[in-house]
Number of protein chains: 2
Amino acid sequence: MAATPPPPAAAALEKLSSTKMFGGHNLRFRHQSSTLGCAMTFSIYLPPSPASNLPVLYWLSGLTCTDENFIIKSGAQRAAAAHGIALVAPDTSPRGLNIEGEADSYDFGVGAGFYLNATNEKWKNWRMYDYVVKELPKVLSDNFEQLNTSRASIFGHSMGGHGALTVYLKNTDKYKSVSAFAPIVNPINCSWGQKAFSNYLGSTKSDWEEYDATCLVKKTKEVAASILVDQGDEDKFLAEQLLPRNFEEACKAAGVPLILRMQPGYDHSYFFIATFIDDHIAHHAQYLKSA
Amino acid sequence: MAATPPPPAAAALEKLSSTKMFGGHNLRFRHQSSTLGCAMTFSIYLPPSPASNLPVLYWLSGLTCTDENFIIKSGAQRAAAAHGIALVAPDTSPRGLNIEGEADSYDFGVGAGFYLNATNEKWKNWRMYDYVVKELPKVLSDNFEQLNTSRASIFGHSMGGHGALTVYLKNTDKYKSVSAFAPIVNPINCSWGQKAFSNYLGSTKSDWEEYDATCLVKKTKEVAASILVDQGDEDKFLAEQLLPRNFEEACKAAGVPLILRMQPGYDHSYFFIATFIDDHIAHHAQYLKSA
């Protein structure tokens, strides 16, 4: 009788750190990403409570960030502990590939993956969409038996708000809810998006629309949860890059429920995020816990 | 008739930044310190509520920190906003004086003022005790009419916990209450303290005792408020540098009420601080608000 082949090995995770916070733990891991072809780090906050069936809330960060900014600055762990939700924060791009020009600017290349799958051969490793939607959930379910990755929601900030909205709108079956802080909602109509999309995706406009929340929402059939967006009205990127009113109009036309809160006096920083993070986690909790 | 001389000008403050958070504002200022003989920065969080008679809670940071670590990482603003308390975070030493050797180590010189008045001529600018106790309150009362600096309490972390405890014990008339996270409570008996005190103060042991909380508490007549101390039991500095049991014993002998909470699994980081910061602010609020 032939020996049974061993089960495929779970992706090897190297634990970089573990720190107790609000009764749970901030953990940081490195692993080899087959999607991106490089080593990637991610952070996860595991709340103190249940040892099984924990829902997962993904956080996608903005330009220049790593997996650490959110963990250090947002204060999200307090509410995550209270609600019994795991937080997962991936990095924002491949790193260490030494592609020519990858670190020439803050808004393209390293730290600026825009959560898409690049089609330009030069940037073929930039597949953050597949990394976030496919590889990372598999890495989590293979390595953390206390997580239930089918109970998942997603949120993010700025470029990561764009990522959260587009990932959600393309996968309303995979995520229970979405929210965003100061998201780039219409990248095909702002310079950050145009620079990134033309380099990662080439010049075909219809390809760009696949990663534009304002375009995607027009094709969305139905969403189970209201979309929550907070936007500071003193955010210096509001008028030129973020364009929340375009998204609001598209949601209205498509009949998609949007809660857009313009927050007077707030800017684009993590101080703004920390102020409203509890509301966002409570928003996701109602959908994650009823699932 | 001789002209009335103009009133002395309030110390000029240069505003470096202002960011809205939890309805209030994080402000950061630079000013020329007459005590230290250099430009100093400090941060202040002003809560949204009352425009007058605001109590002040000073935060003293640990080794290597500036005024910003606490503002970025502690999450203290949420509770400060809720209680209507202003938070003030000074820097941890003079900077920019270019004293030979001032930046050779993380635990002495720049970023390591130990909240004392140095007597060694070489370090004569290191007068963080006078800066915190005398100059900074004056700068605040001269420039922020909404503050009532006579309603003040003080807390801090590690070296800043040492600072908070010693400043309080030497000035129980000036501060309503004190608390600390992982404080250095007996610096004359640990290597951090011995290195700093021998260089700043010389070799006379009785001079050192003036800046040692465990020595000072023995001479304390009466304190109006319990002293609150949180200490992680997985803090790598616990056994060699922090020595909370020495302070506990001295408080007991002196009849000074101490709430020492050993927190299982917690380390020395701001993740530990953020976990218990609400408790500390609530502790101070009861004394600041009843004042």
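A short reminder: the numbers here are calculations on the coordinates, not readings from a lab. Computed from a predicted structure; not experimentally measured. Cβ coordinates were reconstructed from backbone atoms using ideal geometry, including for glycine residues, and neighbour counts include every protein chain displayed.
For segment B:18-61, evaluate the Debye formula with one uniform point scatterer on each Cα (no solvent term) and list log10 I(q)/I(0) at q = 0.18, 0.22, 0.34 Å⁻¹, rounded to two decimals.
Computed log10 I(q)/I(0) values: -0.67, -0.88, -1.16.
If amide hydrogens are placed 1.01 Å from N in the peptide plane, which non-local residues have theirs closer than 5 Å to the one on A:L258?
A:I227
Which one, B:M21, B:A285, B:S206, projects farthest toward the positive side of the charge dipole computed for the protein assembly as shown from Cβ point charges (K/R +1, D/E -1)?
Of the listed residues, the answer is B:A285.
What is the average number of partner chain Cβ atoms found within 10 Å of a Cβ in B:263-276? Working shown, then result.
On the way: counts 1, 1, 6, 4, 5, 1, 6, 3, 10, 3, 1, 6, 8, 1.
Neighbouring Cβ atoms belonging to other protein chains average 4 per residue here.
Calculate the dipole size of segment B:52-203 relative to its Cα centre from +1 charges on Lys and Arg beta carbons and -1 charges on Asp and Glu beta carbons; express the result in debye to the nearest 20.
420
Hey, what does the equivalent ellipsoid look like for segment A:150-291, semi-axes from the Cα gyration tensor as sqrt of 5 times each eigenvalue, largest first, whole Å?
On the way: eigenvalues 97, 76, 33 Å².
They are 22, 20, 13 Å, listed from largest to smallest.
Defining the label point at 7 Å along Cα→Cβ, can you sort the distances from A:E68 to the same site in each other copy, shortest first, in nm?
For A:E68, the other copies' label points sit at 1.4 nm, shortest first.
Looking at segment B:58-215, what % of its DSSP beta bridges pair antiparallel, to the nearest 5?
Details: 3 of 11 bridges.
Antiparallel: roughly 25 percent of the beta bridges in segment B:58-215.
Can you pull the semi-axes for segment B:133-224, root of five times each eigenvalue of the Cα gyration tensor, sorted largest first, whole Å? Kindly include the intermediate steps, with their values, before the conclusion.
Working: eigenvalues 133, 43, 30 Å².
They are 26, 15, 12 Å, listed largest first.
Assume the label is 7 Å from Cα along Cα to beta carbon: what separations in nm does A:E234 have to the matching positions in the other copies?
Here the equivalent label points are 4.0 nm apart from this one.
Given the Cα-Cα distance of B:K195 and B:R30 and 0.36 nm per residue of separation, how much length would full extension add, in nm? Can you show the working numbers first?
On the way: separation 165, 0.36 × 165 = 59.40 nm, distance 2.95 nm.
Working it through step by step, the gained length comes to 56.4 nm.
For chain A, modelled as a Gaussian network with Cα springs under 10 Å, which listed residue fluctuates most, A:A103, A:A213, A:A118?
Checking each option, the largest mean-square fluctuation is seen for A:A103.
If you put +1 on each Lys and Arg Cβ and -1 on each Asp and Glu Cβ, how big is the dipole of the protein assembly as shown around its Cα centre, in Debye rounded to 20?
On the way: 52 positive and 58 negative charges, 172 e Å.
Using only the charged Cβ atoms, the result is roughly 820 debye.
Pull up the DSSP beta bridges for the protein assembly as shown and report the antiparallel fraction as a percent, rounded to 5. Don't skip to the end; give the middle numbers.
Working: 46 of 90 bridges.
Around 50 percent of the beta bridges assigned by DSSP in the protein assembly as shown are antiparallel ones.
Please compute the volume of the convex hull spanned by the alpha-carbon atoms of segment A:14-290 and report it per residue in Å³.
Numbers: hull volume 30.8 nm³, N = 277.
Taking only Cα atoms, segment A:14-290 has a hull volume of 111 Å³ per residue.
Please work out which residue of chain B brings its Cβ closest to the axis of the rotation superposing B onto A, and round that distance to whole Å.
B:G75, 2
In what order do A:V256, B:V88 fall by count of nearby beta-carbon atoms within 10 Å, going from fewest to most? Each step should come with its number before you reach the end.
Working: A:V256 18, B:V88 26.
Least to most surrounded, the residues fall as A:V256, B:V88.
Give the order of A:M21, B:M159, A:M40, B:M262 when sorted by the count of other beta carbons within 10 angstrom, beginning with the fewest.
Working: A:M21 27, B:M159 30, A:M40 24, B:M262 14.
Result, fewest neighbours first: B:M262, A:M40, A:M21, B:M159.
7 Å from Cα along Cα→Cβ at both B:A224 and A:L16: what's the point-to-point distance in nm?
Placing both labels 7 Å along Cα→Cβ, they lie 4.8 nm apart.
Work out how far the C-alpha atoms of segment B:86-176 reach from end to end along every principal axis, then list the three figures in whole Å, largest first.
Principal axes ranked by extent give 40, 26, 21 Å for the Cα atoms.
Per-residue HN-Hα couplings for segment A:46-56, Karplus 6.51 cos²θ - 1.76 cosθ + 1.60 at θ = phi - 60°, whole Hz, x for Gly and Pro?
Those phi angles translate into 9, x, x, 6, x, 8, 8, 6, 5, x, 10 Hz.
Test of understanding: express the Cα radius of gyration of segment B:1-157 as a ratio to 2.2 N^0.38 Å, with N the residue count. Don't skip to the end; give the middle numbers.
Numbers: Rg = 16.4 Å, N = 157, 2.2 N^0.38 = 15.0 Å.
With N residues counted in segment B:1-157, Rg over 2.2 N^0.38 Å equals 1.09.
I'd like the Karplus ³J(HN,Hα) series for segment B:18-27: coefficients 6.51, -1.76, 1.60, θ = phi - 60°, whole numbers in Hz, and an x wherever there's a Gly or Pro.
8, 9, 6, 7, 6, x, x, 9, 7, 10
Taking H placed 1.01 Å from N in the peptide plane, check which residues at least 5 places from A:G232 or on another chain put their amide H under 5 Å from its amide H.
Here A:A182, A:Q263 satisfy the definition.
For the charge dipole of the protein assembly as shown, defined by +1 on Lys and Arg C-beta atoms and -1 on Asp and Glu C-beta atoms about the Cα centroid, which residue among A:A39, A:A12, B:S141 has the Cα displaced farthest towards the positive pole?
B:S141
Modelling each spin label as a point 7 Å along the Cα-to-Cβ direction, I'd like the A:K236/B:K138 distance in nm, to one decimal.
Spacing of the two 7 Å Cα→Cβ label points: 3.6 nm.
Using Cα pairs closer than 8 Å and at least 6 residues apart in sequence, work out the relative contact order for chain B, in percent. Don't jump to the answer; show the numbers that get you there.
On the way: 642 pairs, mean separation 48.2, N = 291.
The normalised contact order for chain B reaches 17 percent.
About the Cα centre of segment B:14-290, how large is the charge dipole given +1 on each Lys and Arg Cβ and -1 on each Asp and Glu Cβ? Please answer in debye to the nearest 20.
Working: 26 positive and 29 negative charges, 140 e Å.
With only Lys, Arg, Asp and Glu charged at Cβ, the dipole is about 680 debye.
Name the long-range amide H neighbours of B:S17: under 5 Å, sequence gap of 5 or more, or other chain; modelled H, no Pro or chain starts.
B:R28
Return A:K73, A:K176 ranked ascending by Cβ neighbour count within 10 Å, so the fewest neighbours appear first.
A:K73, A:K176
Restricting to chain B, what percent of DSSP beta bridges are antiparallel, rounded to 5?
Details: 23 of 45 bridges.
Bridges in chain B that DSSP calls antiparallel: roughly 50 percent.
With a cut-off of 8 Å between alpha carbons and a minimum separation of six or more residues, what is the relative contact order of segment B:181-259 in percent?
It comes to 45 percent, rounded to a whole number.
If each Cα of segment A:228-291 is one equal point scatterer, what is log10 of I(q)/I(0) from the Debye formula at q = 0.20 Å⁻¹?
Computed log10 I(q)/I(0) values: -0.89.
Averaging the inverse of every distinct alpha carbon separation and then flipping it gives the Kirkwood radius. What is it for the protein assembly as shown, in angstrom units? Write down the numbers at each step before the final one.
Numbers: mean 1/r = 0.0388 Å⁻¹.
One decimal place: 25.8 Å for the Kirkwood radius.
Considering only the label points, 7 Å along Cα→Cβ from Cα, what distances in nm to one decimal separate B:D279 from the same position in each other copy, shortest first?
Spelled out, the distances from B:D279's label point are 3.0 nm.
Starting from the Cα of A:S206, step 7 Å toward the Cβ, then list every residue of segment A:116-139 with an amide N under 19 Å from that point.
Under 19 Å, as judged by backbone N against the label point of A:S206, lie A:117-120 of segment A:116-139.
Percent of Cα-Cα pairs per 5 Å bin, from 0 to the last occupied bin, for segment B:202-242, please list those.
It works out to 5, 15, 17, 20, 20, 15, 7, in whole percents.
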